[in-house]
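Data block below; observations after.
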Amino acid sequence: MPAHVAESDSTPDPTGTTGTTDPLAHERAHLAASRAALRGMREDVQALDIRDVTANWVNAAVLQSQIDDRIKALADLSHTPLFFGRLDYLHAVGGDLAEGADGERFYIGRRHVHDAAGDPMVIDWRAPVSQPYYQASRTDPQDVGLRRRFGYTGGELTAYEDEHLTDPAEAEHTSRLLQAEIERPRVGPMRDIVATIQPEQDEIVRSGLGGTVCVQGGPGTGKTAVGLHRVAYLLYAHRERLARTGTLVIGPNRSFLHYIEQVLPALGELEVKQATVDDLVRTGVEVRGEDEAATAVVKGDARMAEVLRRAIRSHVTAPVEPVVVVRGSRRWRVPAYEIQEMVDELLARDMRYGAAHEALPQRIAHAVLVRIEEAGEAPDDRVQNAVARNPAVKAAVKAIWPAVDPAKVVLRLLSDAEFLAAHAGGVLSEEEQKRLLWAKPARSVKSAKWSAADAVLIDEAGDLVARTHSLGHVVLDEAQDLSPMQYRAVGRRCSTGSATVLGDLAQGTTPWSTESWGEALFHLGKAEAVVEELTAGFRVPREVIAYASRLLPAISPGLAAVESVRESPGSLAVREVPGGAEELDAAVVAACEESLRHEGSIGLIAADARIPVLGAALEAAGHVYLSPGEETTAASRLTLVPASLAKGLEYDYVVLDEPAAVVDGEPDERTGLRRLYVALTRAVSGLTVLHAAPLPKVLVQA
Ligand SMILES: Nc1ncnc2c1ncn2[C@@H]1O[C@H](COP(=O)(O)OP(=O)(O)OP(=O)(O)O)[C@@H](O)[C@H]1O
C-alpha cells in the first residue's frame, strides 16, 4: 500500500470526471467542492426566517437557539479535514450485486455534507455505508473495490494511500498514515481517532445501545478513545432517545477529564456530561475527611449495601394502636392488625423506603374509605386524599414508617456501636465493625468529617429511600479502580440504560481494585455484559511495552502483554545515575532538556513524594512546567506528573524518575509495581528511565 504524496503521482484519474490525471488534484477539487457545499448548508440555515412560523416569543427563542446550534455544527474548521477517507464500492449500495450495477463512491468524514441538489458530498463516519471503511479487509472486502485514506498537513490534503481489497496481487501493509497519525506530536488535549479506528475497535464502537460492553485492554490499546467514539456513535444512531435520557462519561479525576474533554466536541457532540465517581455521589455532604485504606476497604465492600438496607428498614416499627379518623360526627377505626398487614405487604414488595412512606397513608385512607362505603356513603377520591392527610393518619405513619434522612442513618452507623452491631451482625465481623466506627463520633451531618467512601454509603442509603435517576448510557473509564460500592453507585445511574466499562486489571492501584470483570459487572448490575479484549497497542512502542510487561507476571498473572503496532528502535533508555540525590535530580533535569529538543509533549513522572524536589530542580534550571490537567501548548510542553495522577494520560516523551521510589510510594509491593507499570506506559515516542537506587527486581531481567 504505497502512500502517495502531493504532485508526485500521475496515475490517470479512473473516473475521468475532473479532466485531470492527478488523483490528488481531483481529491482536492472534491474537498473544495465539499467545503463550498458546507458553506451553502450553513447559509441556508442562516437565511431561515422564523418570523412566520413561530406563534410566540418563547417558541421563537427556542427555535432560534436550535438554529444557532445548527450553524455552529456546520462550521468548517480549517484544522479538521472535512473527509479523511474514500470508499469505492464495486456495486451500487443496496443494489443487486448479480446485475453488475455501477459502483458508488463515498467520501467519509466527521459529518454529513450534501450539495444543493441534496446529493451527498461527504458521509458521516457513523453511517452504515461508512462501516466498511473500518471493517472491510482482504478476506472480507464487503464489496469495496478501493479504500483510500487521506493524509493532511495543516488542513491541506497532501497524501493518500490506497488498498485494492479485491486485488489478489496487492500485498498487505500496515498503514503509514496510521503510523504517522499516532506519532504526530501531541500538544493540547486528547484528539479523536475517527480517521483510523481499527476493526476490533470499530466493533466495540458500533455495538448496540441495548447491551453493556466491558473492554479489558492493556495500556494504550485505545480504550478511552473507543469509549468516547462509542458515545458519539450511539448519539448518532439513537439521537432522540439519548437526548431524552442523557449520557455521561465517568473518569478517575479532574485532570483526566480535562484531558479528554475535547474529543466529543470535535466529533460534533456537545451535550455529553463528564464526572468523577466522587462528583456523582457528592450531592448532600461535603467531603473533608480521609479514611485509612483498611477502613475504606470495608466501606467499599458490597456487604455494606445489606447493612444499609437493614438500617434503613429498621425505622419501620410495628403498629401498636388502631388509627381513628374523625370525620364530622363519625369516627372510623382501622385496627392495628390491619395496618400491620399493610406494612407487611409494603415490606414484602421491597419498594423504595420513601415510596412506601408515601403509600402507607393512602393504604390507611383506603381502608377508611371502604368502611365509609360500607356505611352507605359514596365518597370519591378527594375524600381518600383528605383522609390520607388527616392528623391521625399522619401521626400513625410518623410512628410506623417515619421519613428518614440517608445521611443521618449513615452518621448513626458510623457513630453508634450498638446501632451498627444491630444491623451489621452476621454481615460484618466485629473487627470490621470496629474499623467503621469513628474514633470521635460526629454530632451532626454538617459537622461530620465525611470521606469519599462515606459519600458513596450515603448515596446507597439515598437510593434505598428514593430511586436514583437512570441515564441512557454511561461510559466508565479506568473502571478497575472502583470499589464494589462505587460500582453500585454507577450502576444506579444506568439501571435502565446501558454502559461501556473500560479498564485494565493490571493498572488497578486502589486497595479495593477489582480482580475480575465478572465481579465488577455483577456489582454494576450488568452481569450479562460481554467482555471484549483489546490487545493491539497504539501508544507505546514495542521496546517500551516489552520492558513494562516484565511486571505483568507479578501484578496480573494471566494477562497477556500488549502487542504494540509500532516498532520504534531506540525509544527506551534506562540509565543508572552514580552518586546521590543531587546527581539524580541533575540527571533528570538534563533528560528533560534532551527530550525538549524533540517536538511534542514531555512528561516527567515521579513518585508523589519526589514532586516538590524535582519541581524546585526544574525551576532552578530555568524551566517552566505544567501540572497534569493544564493544557500543553507549543510554548509550554513539559508537565511534572505525580505517579498517582499519571493514569490515562500520555506524553510524546517521558522521563521516569527513580522507579523504586514509585513502588515504595504505595502501601504494598503489588500496588507499587502496578503504579510503576502505569508510569512506564505513558510514552508515545520515547521513555528515559533514570535511577540511583536499584531497580525493582522484576524489572531487571536476564
Ligand atoms: N485506531 C487508532 N488510531 C490512532 N490512534 C489511536 C488509535 N487507537 C488508539 N490510538 C491512540 O493511542 C493512544 C492511547 O489511547 P487511549 O488513551 O484511548 O488508550 P487506553 O487503552 O485508554 O490507555 P490507558 O490504559 O493507558 O488509559 C491515544 O493517543 C489514542 O489516540
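The values are calculated or read from the model by the stated rules, or taken from the named source; none is laboratory data. These numbers were taken from a predicted model, which means no experiment stands behind them. Cβ placement follows ideal geometry from the backbone for every residue including glycine, while neighbour counts extend to all protein chains displayed.
Being part of a helix (DSSP H, G or I), touching a residue at least 24 places away in the same chain (Cβ under 8 Å) and acidic (Asp, Glu) is the filter; apply it to segment 575-600 and report the residue that is nearest to Ala180 (Cα to Cα).
Result: Glu594.
Kindly check whether there is at least one residue in segment 667-685 that is farther than 22 Å from Thr633 by Cα and aromatic (Phe, Trp, Tyr).
yes
Before we move on, is Leu428 touching a Leu at 6+ places or on another chain (Cβ under 7 Å) and either surrounded by fewer than 20 Cβ atoms within 10 Å (Cβ to Cβ) or closer than 23 Å to Val465 by Cα (or both)?
Spelling it out, it is not the case that Leu428 is touching a Leu at 6+ places or on another chain (Cβ under 7 Å) and either surrounded by fewer than 20 Cβ atoms within 10 Å (Cβ to Cβ) or closer than 23 Å to Val465 by Cα (or both).
Take the residues of segment 358-406 that are over 48 Å from the mean Cα position of the chain (by Cα) and closer than 21 Å to His315 by Cα: which is surrounded by the most Cβ atoms within 10 Å (Cβ to Cβ)?
Ala392
Considering every residue within segment 590-603, establish whether at least one is within 16 Å of the ligand (Cβ to nearest atom) and either among the aromatic types (Phe, Trp, Tyr) or modelled with pLDDT of 95 or more (or both).
yes
Looking at this structure, is Ser495 under 21 Å from Arg230 (Cβ atoms), more than 16 Å from the ligand (Cβ to nearest atom) and out of contact with any helix residue (DSSP H, G or I) (no Cβ under 9 Å at 6 or more places or on another chain)?
Yes, satisfied.
Being more than 15 Å from the ligand (Cβ to nearest atom), aliphatic (A, V, I, L, M) and modelled with pLDDT of 95 or more narrows it down to one of Leu521, Leu551, Leu502, so name that one.
After ruling out the rest, the residue left standing is Leu521.
So if I check each of Ile193, Ile204, which one is touching a residue at least 12 places away in the same chain (Cβ under 8 Å), over 30 Å from Leu596 (Cα atoms) and out of contact with any Phe, Trp or Tyr (no Cβ under 6 Å at 6 or more places or on another chain)?
It is Ile204.
Considering only residues that are in a loop (DSSP other than H, G, I, E, B), more than 9 Å from the ligand (Cβ to nearest atom) and buried (at least 16 other Cβ atoms within 10 Å of the Cβ), which ones fall in segment 210-228?
Residue satisfying the conditions is Thr212 alone.
State whether one or more residues within segment 128-139 are within 32 Å of the chain's Cα centre (by Cα) and in a loop (DSSP other than H, G, I, E, B).
Checked segment 128-139: at least one residue is within 32 Å of the chain's Cα centre (by Cα) and in a loop (DSSP other than H, G, I, E, B).
For segment 361-381, give me each residue that is in a helix (DSSP H, G or I), touching a residue at least 12 places away in the same chain (Cβ under 8 Å) and either in contact with a Phe, Trp or Tyr (Cβ under 7 Å, 6 or more places away or on another chain) or farther than 19 Å from Pro391 by Cα (or both).
Answer for segment 361-381, where residues must be in a helix (DSSP H, G or I), touching a residue at least 12 places away in the same chain (Cβ under 8 Å) and either in contact with a Phe, Trp or Tyr (Cβ under 7 Å, 6 or more places away or on another chain) or farther than 19 Å from Pro391 by Cα (or both): Val368, Arg371, Ile372.
Name the residues in segment 555-574 that are outside any loop (DSSP other than H, G, I, E, B) and either touching a helix residue (DSSP H, G or I) at 6+ places or on another chain (Cβ under 6 Å) or free of Cβ contacts under 8 Å to residues at least 40 places away in the same chain (or both), would you?
Ile555, Glu563, Ser564, Leu572 - these are the residues of segment 555-574 that are outside any loop (DSSP other than H, G, I, E, B) and either touching a helix residue (DSSP H, G or I) at 6+ places or on another chain (Cβ under 6 Å) or free of Cβ contacts under 8 Å to residues at least 40 places away in the same chain (or both).
Among the residues in segment 234-247, are any modelled with pLDDT of 90 or more, β-branched (Val, Ile, Thr) and not in a loop (DSSP other than H, G, I, E, B)?
Yes, segment 234-247 contains at least one residue that is modelled with pLDDT of 90 or more, β-branched (Val, Ile, Thr) and not in a loop (DSSP other than H, G, I, E, B).
For segment 229-248, how many residues meet the condition of being within 14 Å of the ligand (Cβ to nearest atom) and either among the charged types (D, E, K, R) or closer than 22 Å to Val641 by Cβ (or both)?
1
Tell me, which strands (runs of 3 or more DSSP E) lie completely within segment 265-357 with 3 or more residues that are touching a residue at least 24 places away in the same chain (Cβ under 8 Å) and in contact with a Leu (Cβ under 7 Å, 6 or more places away or on another chain)?
273-275
I'd like the full set of residues that are under 26 Å from Arg35 (Cβ atoms) and either outside the structural domain of Val144 (by TED's automatic domain parsing) or at pLDDT below 75 (or both), limited to segment 81-100.
Val93
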